[in-house]
Amino acid sequence: MANVKVRFVPLSGGARCGHVRGVASEVAPSAGFRFVCYCQDCQAFAHFLGRPDVLDAAGGTDIFQMPTGRVRLSAGTDAVRCLRFSSKVFRWYTDCCRTPIGNTAGPRFPVVGLIHSFMSHQVDGRSRHEVLGLPLCRIYERSAVGPLPPNAPASPSLGVFALRASRIFGWWLRGLGRPTPFFDDFTKAPLSVPHVLTRGERAGL
Ligand SMILES: [Zn+2]
Ligand SMILES: [Zn+2]
């Protein structure tokens, strides 16, 4: 019997062109972890896609981490692609309109970091800030390419780190990482063969 899930605030996702679509269930500030990442890899990802508009003025990416099993890609999976730098992160995007979808850390890690560009900005008349809550922290701001925006969130406190760790641990305990839309449940193969950037490609970004 299928596990019945209560949908509190479904968050419709969709690439700009509407080809790739998804839905996330049980989205709420307490059921995720929103932050802004200024790391060089996130910036390189946006530049690789030709989408610097995804970044804030200082190069930050607005990310909402939530359990992978609560995200479903409902259409257009043929256009989903994967990019990897040297690190372990799988970066997912749409090939049709080069929209970043999110980041995962492999088939067993129960978290997807959804990038704001893949989310609707209005959900049932509520803004994204209301649905997700404000970002709880910023990370890697040493890689910022300019002054941080005045509304940039604070650096993470120990409490914020602990909150994130306990949420992720809870998702793992409850098996919320599965099924993942990004990896085959059985073979663990990624939905799309990752393209690993060569050093030359990386240098050109
Ligand atoms: Zn990053
Ligand atoms: Zn598209």
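From the list Gly106, Gly22, Gly76, which residue is at negative phi and either open to solvent by less than 20 Å² (accessible area, probe 1.4 Å) or more than 16 Å from ligand 2 (Cβ to nearest atom) (or both)? Even if it seems obvious, please write down each step before you answer.
Details: Gly106 fails: at negative phi; Gly76 fails: at negative phi.
Residue meeting the stated conditions: Gly22.
Quick one: what pairs do we get from segment 16-40, first residue farther than 16 Å from Leu73 by Cβ, second within 16 Å of ligand 1 (Cβ to nearest atom) and of a type in the set (S, T, N, Q), C-beta under 7 Å, 6+ apart or different chains?
From residues that are farther than 16 Å from Leu73 by Cβ, the pairs are Gly32/Gln65; Phe33/Gln65; Val36/Thr61; Cys37/Thr61; Tyr38/Ser143; Cys39/Ser143; Gln40/Ser143.
Inside segment 175-199, can you point out the residues that are more than 21 Å from Arg84 (Cα to Cα) and either open to solvent by less than 40 Å² (accessible area, probe 1.4 Å) or touching a residue at least 24 places away in the same chain (Cβ under 8 Å) (or both)?
We begin by selecting, within segment 175-199, every residue more than 21 Å from Arg84 (Cα to Cα); these are 175-176, 178-179, 186.
Within segment 175-199, Gly175, Leu176, Arg178, Pro179 meet the criteria.
Testing Leu73 on (1) among the hydrophobic types (A, V, I, L, M, F, W, C); (2) in contact with a helix residue (DSSP H, G or I) (Cβ under 8 Å, 6 or more places away or on another chain); (3) more than 18 Å from Arg34 (Cβ to Cβ); (4) part of a strand (DSSP E or B), one condition comes back false. Which one is that?
Answer for Leu73: the failing condition is (2).
I need the full set of residues from segment 92-113 which are of a type in the set (D, E, K, R) and either closer than 15 Å to Ser192 by Cβ or within 14 Å of ligand 1 (Cβ to nearest atom) (or both), in order please. Spell out the reasoning first.
Just the residues of segment 92-113 that are of a type in the set (D, E, K, R), to begin with: 95, 98, 108.
Asp95, Arg98 - these are the residues of segment 92-113 that are of a type in the set (D, E, K, R) and either closer than 15 Å to Ser192 by Cβ or within 14 Å of ligand 1 (Cβ to nearest atom) (or both).
Name every residue in segment 25-67 that is under 23 Å from Ser127 (Cα atoms), open to solvent by 20 Å² or more (accessible area, probe 1.4 Å) and part of a helix (DSSP H, G or I), in order of residue number.
Within segment 25-67, Pro29, Ser30, Pro52, Asp53 qualify.
Rundown of residues vs (1) open to solvent by 50 Å² or more (accessible area, probe 1.4 Å); (2) under 21 Å from Trp172 (Cα atoms); (3) of a type in the set (A, V, I, L, M), yes/no style:
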| position | (1), (2), (3) |
| --- | --- |
| Gly69 | no, yes, no |
| Gly102 | no, yes, no |
| Arg128 | no, no, no |
| Val145 | yes, no, yes |
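So which residues in segment 163-203 are in contact with a strand residue (DSSP E or B) (Cβ under 7 Å, 6 or more places away or on another chain), modelled with pLDDT under 95 and either part of a helix (DSSP H, G or I) or of a type in the set (Asp, Glu) (or both), if there are any at all?
none
Which residue is nearest to the chain's Cα centre (by Cα), if the candidates are limited to segment 109-121 and must be away from ligand 2 (no atom under 14 Å from the Cβ) and not hydrophobic (A, V, I, L, M, F, W, C)?
Across segment 109-121, the extreme among qualifying residues is Gly113.
Might you let me know whether segment 46-55 holds any residue that is in contact with a Gly (Cβ under 7 Å, 6 or more places away or on another chain), hydrophobic (A, V, I, L, M, F, W, C) and in contact (Cβ under 8 Å) with a residue 40 or more places away in the chain?
Keep residues of segment 46-55 that are in contact with a Gly (Cβ under 7 Å, 6 or more places away or on another chain), which gives none.
Within segment 46-55 (the criterion being in contact with a Gly (Cβ under 7 Å, 6 or more places away or on another chain), hydrophobic (A, V, I, L, M, F, W, C) and in contact (Cβ under 8 Å) with a residue 40 or more places away in the chain), the answer is no, since none of the residues qualifies.
The values are calculated or read from the model by the stated rules, or taken from the named source; none is laboratory data. The model shown is predicted, which means the values in this text are computed figures rather than measured ones. Positions of Cβ are backbone-derived with ideal geometry, glycine not excepted, and every protein chain shown enters the neighbour counts. Surface accessibility is based on the protein's heavy atoms, side chains included, excluding ligands, DNA and RNA. Shrake-Rupley method; radii C 1.70, N 1.55, O 1.52, S 1.80 Å.
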